[in-house]
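S.K.: Take this structure, written in structure tokens, and hold onto it; I'll ask about it next.
Laboratory data are not the source of any read-out in this text; all were calculated from the coordinates shown. The structure presented is a predicted model; accordingly, all values stated were derived computationally and were not measured. With ideal geometry, Cβ positions are generated from the backbone for all residues, glycine too; neighbour counts draw on all protein chains shown.
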Amino acid sequence: MNDPAAHDRPPLLAARGLSFSRNEEPIFGPLDFALHAGEVVLMEGDNGAGKTTLLRVLAGLLAPSQGEIFLNGEPLTLARLSPQLALLSHQGGLKHDLTALENLRFAAGLHGQRRGLSPVSALAAVGLDGFGEAPVRQLSAGQKKRVALARVLLAPVGLWLLDEPYANLDRSGIELVNRLLERHAHEGGAALITSHGAYAYTSGTPRRIALRPDPAGAESQDDSIVEHTR
Amino acid sequence: MNTLTYWFHKLGSPPTFHRIATRVEPWCLALALALGAIGLYGGFVLAPRDYQQGDAYRIIFVHVPCAWMGLFAYAFMAVNAFIALVWRIKLNEVLAMASAPVGAAFTFVTLVTGSLWGKPMWGTWWTWDARLTSELFLLFLYFGVIGLHNAIEDRRQAARAASFLALVGVVNLPIVHFSVNWWNTLHQGSTVRLFGPSKIDASMLWPLLLMALATHIWFFASVLARARAGLIELDAGKDWVRKLAQDDAS
Amino acid sequence: MRPGSTSAACAALLRRDLLLVWRRRGDALTPLLFATIVVALFPLAIGAQVQELRPIAVGVIFVATLLAGLLALDTLFRGDYEDGSLEQLVVSPHPLALLLACKIAVHWLTTALPLIALSPLLGELLFLDPALRGLLPLALLLTTPLLSLIGAVCVALTVGMQRSGMLLALLVLPLYVPVLIFGAGACNAAQMGLPYLAPLLWLAAGLVLALVLAPLACAAALRISTS
Amino acid sequence: MREFFEMGGYGSYVWASLAVFLTVMAVELWSARAQQRRQLAQVRDRMRRSAARSRNTP
């Protein structure tokens with residue numbers, strides 16, 4: 001439902017001239033893009049291309065070297081709070097000594113809870129009902145990723161920043177992620193996901209961002225981002 | 001941009017600062033050595049013998065300037081650390097980190113000369129005199145800053161973490177001084193004024209001030225040298241450093 | 001408390017951390033055992049006569065408590081940093097300083113409070129002057145939160161490093177000096193019959209200051225070390 | 001001249017403290033200069049390595 005009305009509201013996430021360099025080596029070049037409601041953007045790049053760094057900058061964990069980030073039209077500064085986004089990072093952010101439900105209850109306390117969703121129903125939504133009482137330590141890597149996805153699902157936020165959501169997931173896991181992304185986009189949310197796997201988000205061609213506009217003429221991707229055609 | 005900020009901005013760019021530092025440093029060094037020589041001559045030869053402490057008091061011509069320098073270096077580091085943290089200016093990070101080892105060296109000399117003076121006066125190498133104790137913990141603060149700076153790989157982040165610790169330390173210094181004084185009165189009663197001749201007359205004063213000036217100029221010479229090394233390390237990828245390396249080799 | 005409000009977040013964080021400590025309650029005992037062992041070493045080294053141990057009893061207990069707290073400090077952020085939940089705190093919509101204050105409070109509750117409860121026993125091991133039995137826990141009650149708050153700032157600076165134990169001690173100990181001086185000094189002054197209220201008031205003033213400033217400094221330090 | 005060096009019996013302490021001062025300052029400045037030379041040497045190594053790498057990759 002990519003209704004035009006979604007475009008006059010300020011984009012959920014916008015970056016202007018955003019670049020980051022560590023010890024004088026540029027990690028990702030000047031980026032300009034905007035993310036409107038209902039869009040899923042895939043960020044590709046071989047590992048080490050700065051995908052995780054960009055997500056950490058957008059989440060407000062890292063200060064960019066240049067450029068600005070706007071959440072719902074307001075500039076994001078490190079000090080200002082960023083209540084509109086949920087971050088899924090490699091480690092997942094789960095305490096291994098606690099059970100899956102305890103982790104989700106904590107996340108609900110910290111970020112709040114999406115209407116109509118509870119820790120138990122979020123766990124069911126990622127196909128883990130019945131695993132609520134199992135300590136996270138005993139879950140497999142794929143199951144841990146699903147609990148982390150349940151945490152992101154539970155957060156009442158419009159913007160998802162997912163770092164390698166498909167890692168450690170089996171076939172049904174990948175379909176689960178695609179379903180969640182589609183439902184999230186359908187409900188007016190937006191998502192920025194990083195992956196180096198080709199199978200990512202097969203339903204519809206998501207918009208792609210080149211991390212560094214390669215000087216040799218970005219034939220596949222230039223600054224004018226091709227619109228999301230779903 | 002008015003001329004002041006233009007000049008300050010210009011100085012801030014590493015290659016310019018490096019060029020200026022390279023020119024200024026030898027002169028600082030020469031001046032410091034000259035002033036130091038005169039000061040020491042004044043203190044060790046011209047100044048009269050103290051009627052109470054005899055010639056032992058001459059150690060103040062080394063001890064006191066170094067004590068002042070230890071504190072001045074920390075203040076210099078704290079100011080640069082504050083600017084570096086707030087405005088993220090590369091030059092101030094480098095200057096803050098450059099002044100830490102120099103300050104530590106001066107504090108170390110203060111402690112050693114203090115104990116060298118305590119031996120003839122009090123018969124023991126170490127006296128838990130309030131000021132010496134504060135100096136000891138100032139030295140530990142310096143080692144903390146230097147240790148933290150070396151422990152982190154990313155140079156910019158290491159400089160900012162160590163700068164933050166330096167600022168925390170600056171808040172802590174007066175508190176340490178106050179608490180050590182209170183502690184001293186608790187355990188030793190009021191101590192006789194240990195350091196310094198019974199009274200300072202003019203012939204003792206001018207060498208002392210001259211030595212203080214010499215150590216300050218020496219401090220800047222050393223900080224400039226270390227800052228140049230720090231800037232080269234930070235800008236290793238840049239071409240002004242590459243050119244510099246080639247010229248240096250030839 | 002509406003879920004998602006700051007008070008709910010703090011409550012959730014306190015509950016989670018206490019639950020975590022309860023799950024690993026065996027580990028929570030280590031600071032106690034460490035302090036007891038350190039105190040028990042002194043009579044072996046110095047001799048067990050009352051007139052030798054009593055004068056140093058207060059000092060030994062304070063240093064043992066301080067070192068036990070220092071060892072426990074490392075666990076304050078390390079677990080959260082490694083499994084990514086520290087990032088979740090930073091990204092959460094609530095003031096980071098407040099959340100860190102909650103974490104420091106739980107850390108103090110689970111490491112220092114047991115030590116204070118243990119201090120009368122440690123006092124007996126060193127023939128502590130009976131007149132001080134009431135004052136020692138009070139002085140520790142004022143000293144240990146200060147140690148935790150100041151220590152948290154330094155831990156935040158070293159959170160990214162692998163082997164930071166010794167460096168943490170080097171950073172923290174010079175900052176602990178005034179706290180140790182006033183804490184142990186108050187008890188020693190009482191032992192010598194001198195007025196001991198002034199150092200306690202200085203400690204209380206320091207504590208109030210640290211309660212406000214330390215979490216803010218800790219949040220700033222965390223942003224520096226995780227950037 | 002001799003009693004000048006004796007400094008009224010405190011000679012060893014006075015001259016020792018002067019010696020400590022001069023040596024620490026000298027070592028300190030030498031290490032500052034050495035650091036600079038080491039940094040420049042590292043830059044040269046890196047340049048040589050990158051030059052070599054670009055030569056053998058076509």
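S.K.: Sort B:Phe220, A:Phe33 by Cβ crowding within 10 Å, fewest neighbours at the top.
M.R.: With the sparsest Cβ surroundings first, the list reads A:Phe33, B:Phe220.
S.K.: Find the relative contact order for region B:93-240 and round it to a whole percent, using C-alpha pairs within less than 8 Å whose residues are 6+ positions apart.
M.R.: 33
S.K.: Sticking with this structure for a sec: Need one number: nm distance between label points at B:Arg49 and C:Leu44, each 7 Å from Cα along Cα→Cβ, rounded to one decimal.
M.R.: Modelled inter-label distance: 5.5 nm.
S.K.: Would you work out if the protein assembly as shown is rounded, prolate or oblate? Take a ≥ b ≥ c from the square roots of the eigenvalues of the alpha-carbon gyration tensor; rounded if a/c is under 1.5, else prolate when a/b is larger than b/c, oblate otherwise. Working shown, then result.
M.R.: Details: a/c = 2.86, a/b = 1.42, b/c = 2.01.
Oblate.
S.K.: With a ≥ b ≥ c the root eigenvalues of the C-alpha gyration tensor of region D:2-56, is it rounded (a/c under 1.5), prolate (a/b larger than b/c) or oblate?
M.R.: prolate
S.K.: Angle between the Cα long axis of helix D:11-56 and the longest principal axis of chain D, 0 to 90 degrees, nearest 10?
M.R.: In chain D, helix D:11-56 runs at an angle near 0 degrees to the longest axis.
S.K.: Give me the net charge of C:Ile56's neighbourhood, meaning all other residues with Cβ under 15 Å from the Cβ of C:Ile56; Lys, Arg count +1, Asp, Glu -1.
M.R.: -2
S.K.: Right, something else. Take every Cα pair under 8 Å in region A:93-157 that's 6+ residues apart, average their separations, divide by the length, and report that relative contact order as a whole percent. All intermediate terms of the calculation are to be shown ahead of the outcome.
M.R.: Numbers: 82 pairs, mean separation 32.4, N = 65.
Normalised by residue count, the contact order of region A:93-157 is 50 percent.
S.K.: Could you list B:Phe61, C:Phe42 so that the one with the fewest beta carbons within 10 Å of its beta carbon is first and the one with the most is last?
M.R.: C:Phe42, B:Phe61
S.K.: Let me ask something else. Report relative contact order for region C:6-225 in percent, whole number only (criteria: Cα-Cα under 8 Å, sequence separation at least 6).
M.R.: The value is 26 percent.
S.K.: Kindly flag which residue pairs out of A:Lys51/B:Lys90; A:Lys145/C:Lys103; A:Lys51/A:Lys145 have an alpha-carbon separation exceeding 21 Å in this structure.
M.R.: Among A:Lys51/B:Lys90; A:Lys145/C:Lys103; A:Lys51/A:Lys145, the Cα-Cα distance tops 21 Å for A:Lys51/B:Lys90; A:Lys145/C:Lys103.
S.K.: Also, quick follow-up: Could you give the angle, 0 to 90 degrees to the nearest 10, between helix C:197-225's Cα long axis and the longest principal axis of the Cα atoms of chain C?
M.R.: Compared with the principal axis, the helix lies near 30 degrees.
S.K.: Another question about this same structure. Rounding to the nearest 10 and keeping the result within 0 to 90°, find how far the Cα-based axis of helix B:90-122 lies from the longest principal axis of chain B.
M.R.: 20
S.K.: Could you please rank B:Lys119, A:Lys145, placing first whichever residue has the fewest other Cβ atoms within 10 Å of its Cβ? Walk me through the numbers before you get to the answer.
M.R.: On the way: B:Lys119 17, A:Lys145 25.
In increasing order of surrounding Cβ atoms, one gets B:Lys119, A:Lys145.
S.K.: How many percent of Cα pairs in region A:93-157 exceed 14 Å?
M.R.: Working: 955 of 2080 pairs.
It works out to 46 percent of all Cα pairs.
S.K.: Please work out the FRET efficiency for the pair C:Leu98 and D:Phe4, using the Cβ-Cβ distance as r and a Förster radius of 56 Å; give the result to the nearest 0.05.
M.R.: According to the calculation, E is roughly 0.25.
S.K.: Calculated from DSSP H runs of 4 or more alone, at -39500 (n - 2.57) each and per residue, what is the 222 nm mean residue ellipticity of the protein assembly as shown, nearest 500?
M.R.: Details: 26 runs with 499 residues, N = 765.
Helices in the protein assembly as shown give a 222 nm mean residue ellipticity of -22500 deg cm²/dmol.
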